[in-house]
Amino acid sequence: MNTMEIANSLPMWLACATAVGLVIVQALIFAKHAYHAGLKMGIEREQFKRAVKSASITSIGPSIVILSGMLSLLITVGGPMAWMRLSLIGSVMFESVAAGFGTSSVGVHLGVDELTPLALTMAVWTMTTGSIGWVIFATFASSRMDKIQHKLSGGDPKKLAAISGAAIVGAFSALFSQHLIKLNKNAFASVLGGVIMAILLYASEKFKLGRLKEWNVTIAIVLAMIVTACI
Amino acid sequence: MENKSYFENEYMPKMHRIGKLIGFLGVVVSFLPPLVLALVFGLYPKLSALLTAFISALTAFGILWIIEPISYFSVLGPVGTYMAFLSGNISNMRVPCASMAQIAAGEEPGTEKGSIIATIGMAVSVIINIAVLTLGIFLGISILSMVPPKVKESLIYLLPALFGALFVQFGIKSKSTTTLMLVFALMMNVAVMSGLFAWLPGASGFVVILSCVFVSIGVTMRKLKASEKKQEQ
């Protein structure tokens, strides 16, 4: 068997499918519990419906961007690994760099030299050992960080909400600024997205357009994308 | 009040238990592909080379293992943290989808109901992400050639546009803090680009998000305290 036949073999598919399956199981279990808890806490079915619809629409665009990243990984480490790595702990940036570290440790340069079975093995091991740190830390720190946050807020739900609100403003300031600072078309798209959003928020407030509010972000993104791509 | 005790005393402990169990299983199943290579195909890694590769990965990404969960914790919440770090793609998928679900359902982030909705939004994004990838792997490269080039180009601008729109959506409630944070974030970017943080291991871009989250929390807490004092007087 050559390297790619091994990388795309049935045992590899089964191993990777088990891992992807676990991610799906987690999402389903968490969603089920959250849904039942939400109903008990007085969240309306209609709110859930809107949440699912809105998250679905938002997911499609980034998913396609991740897909194009997966296709480049697919050529280097085969279908199953590319598919699994971008479903489990993965990010496009990390995976290709980690794969490169692995292969170059045995003198094979990704995308230049032909992948030997050993280089494939090294890539797989490096991607695995290099990424589990995220899950280990996040899994074991989550409940501790929760306790710290509760202590910080004194258990006051208003303060807790203020902390989250502030963290979100901080996070989106950072993410927005990282595009803004580039002063290229990305910067233009992000400013345009923000400006259109501000106009829509103003309009839906002023003219009491409740229905428009749900679509604000989608309209802002799509318009900003199209305009940026056209200029 | 009954609802509150349900969330804190029943829902959250259960989610912590499940989250920890699945996180542990996640580490185990990550090792299935390398184990298959070893046990089925007899392909073992060269240990010395693996050490070199692992140390490269550790210096490039190791600090992110700790910094990212801390930075995003107040954004994702405890349940979101379990889910986001097992599935990955955090800033480009999980955070936007959780936020969008909350906006659509009209629940605020950081509240108990908001946390429930964020979990639903993230779960949806996980399923769709995997569905699109699975479709892509079976249709292969041909699927991307089906997308017109103009659409492909505009997709590059999706995330910047989304971040800009969400920045305004969430920032508009506290304009002074938001303006301050944007100025601070831009300054941090300039500092990173000028190499001020080059002494840190790995790509030092994480400094921007970490500092922005905690400075923003700090500023908001101070404001809260100040307004509480005013009320007391």
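Scanning the range B:5-32 for residues that are farther than 19 Å from A:A15 by Cα and at the interface with another protein chain (Cβ under 7 Å from one of its Cβ atoms) yields a total of 9. Might you let me know whether the range B:135-142 holds any residue that is among the hydroxyl-bearing types (S, T, Y) and surrounded by 15 or more Cβ atoms within 10 Å (Cβ to Cβ)? Checking the range B:135-142: not a single residue is among the hydroxyl-bearing types (S, T, Y) and surrounded by 15 or more Cβ atoms within 10 Å (Cβ to Cβ).
Selection of the range B:19-43 for residues being surrounded by fewer than 16 Cβ atoms within 10 Å (Cβ to Cβ) and farther than 30 Å from A:T121 by Cβ yields only B:K20. Filter the range B:76-93 down to the residues that are within 20 Å of B:G114 (Cα to Cα) and in contact with a Phe, Trp or Tyr (Cβ under 9 Å, 6 or more places away or on another chain) and list them by number. Passing the criteria: B:L76, B:V79, B:G80, B:T81, B:Y82, B:M83, B:A84, B:F85, B:I90, B:S91.
Would you be able to say whether some residue in the range B:70-84 is at the interface with chain A (Cβ under 7 Å from one of its Cβ atoms), without any contact (Cβ under 8 Å) to a residue 12 or more places away in the chain and part of a helix (DSSP H, G or I)? Looking for residues that are at the interface with chain A (Cβ under 7 Å from one of its Cβ atoms), without any contact (Cβ under 8 Å) to a residue 12 or more places away in the chain and part of a helix (DSSP H, G or I), one finds at least one in the range B:70-84, hence yes.
Conditions (1) buried (at least 21 other Cβ atoms within 10 Å of the Cβ); (2) assigned to a loop (DSSP other than H, G, I, E, B); (3) within 7 Å of chain B (Cβ to nearest Cβ); (4) in contact with a helix residue (DSSP H, G or I) (Cβ under 9 Å, 6 or more places away or on another chain), marked per residue:
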| site | (1), (2), (3), (4) |
| --- | --- |
| A:I64 | no, no, yes, yes |
| A:S68 | no, no, yes, yes |
| A:S72 | no, no, no, yes |
| A:I75 | no, no, no, yes |
| A:W83 | yes, no, yes, yes |
| A:L88 | yes, yes, yes, yes |
| A:E95 | yes, no, no, yes |
| A:F101 | yes, no, yes, yes |
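Only one of the listed residues (A:S54, A:S59) is more than 26 Å from A:W134 (Cβ to Cβ) and out of contact with any strand residue (DSSP E or B) (no Cβ under 7 Å at 6 or more places or on another chain). That residue is A:S54.
Any idea how many residues of the range A:18-29 are of a type in the set (G, A, S) and surrounded by fewer than 16 Cβ atoms within 10 Å (Cβ to Cβ)?
Residues flagged as of a type in the set (G, A, S) and surrounded by fewer than 16 Cβ atoms within 10 Å (Cβ to Cβ) within the range A:18-29 amount to 1.
Six or more apart or on different chains, Cβ atoms under 6 Å: show the pairs whose first residue is in the range B:19-34 and free of Cβ contacts under 8 Å to residues at least 12 places away in the same chain and whose second is aromatic (F, W, Y) and crowded, with 17+ Cβ neighbours inside 10 Å. Between residues of the range B:19-34 that are free of Cβ contacts under 8 Å to residues at least 12 places away in the same chain and residues that are aromatic (F, W, Y) and crowded, with 17+ Cβ neighbours inside 10 Å, the close pairs are B:P34/A:W125.
The helices (runs of 4 or more DSSP H) found wholly in the range B:107-207 and carrying at least 1 residues that are closer than 22 Å to A:G170 by Cα occupy B:112-139, B:158-171, B:175-193. For the range A:120-169, a tally of residues being among the aromatic types (F, W, Y), under 23 Å from B:G19 (Cα atoms) and within 7 Å of chain B (Cβ to nearest Cβ) returns 2.
Quick one: is A:G42 at the interface with chain B (Cβ under 7 Å from one of its Cβ atoms), crowded, with 24+ Cβ neighbours inside 10 Å, farther than 20 Å from B:F61 by Cβ and more than 22 Å from the chain's Cα centre (by Cα)? Spelling it out, it is not the case that A:G42 is at the interface with chain B (Cβ under 7 Å from one of its Cβ atoms), crowded, with 24+ Cβ neighbours inside 10 Å, farther than 20 Å from B:F61 by Cβ and more than 22 Å from the chain's Cα centre (by Cα).
Taking into account only those residues within the range B:92-120 that are out of contact with any Gly (no Cβ under 9 Å at 6 or more places or on another chain) and free of Cβ contacts under 8 Å to residues at least 60 places away in the same chain, which is surrounded by the most Cβ atoms within 10 Å (Cβ to Cβ)? In this case the residue turns out to be B:M93. Condition check: buried (at least 23 other Cβ atoms within 10 Å of the Cβ), within 18 Å of the chain's Cα centre (by Cα) and touching a residue at least 24 places away in the same chain (Cβ under 8 Å). Does B:G62 satisfy that? Criteria not met by B:G62.
Values quoted throughout were computed directly from the atomic coordinates according to the rules given, and no laboratory measurement underlies them. Since the model is a prediction, treat every value here as computed from it, not as a measurement. Please note: Cβ atoms are built from the backbone with ideal geometry, for glycine as well, and neighbour counts cover all protein chains shown.
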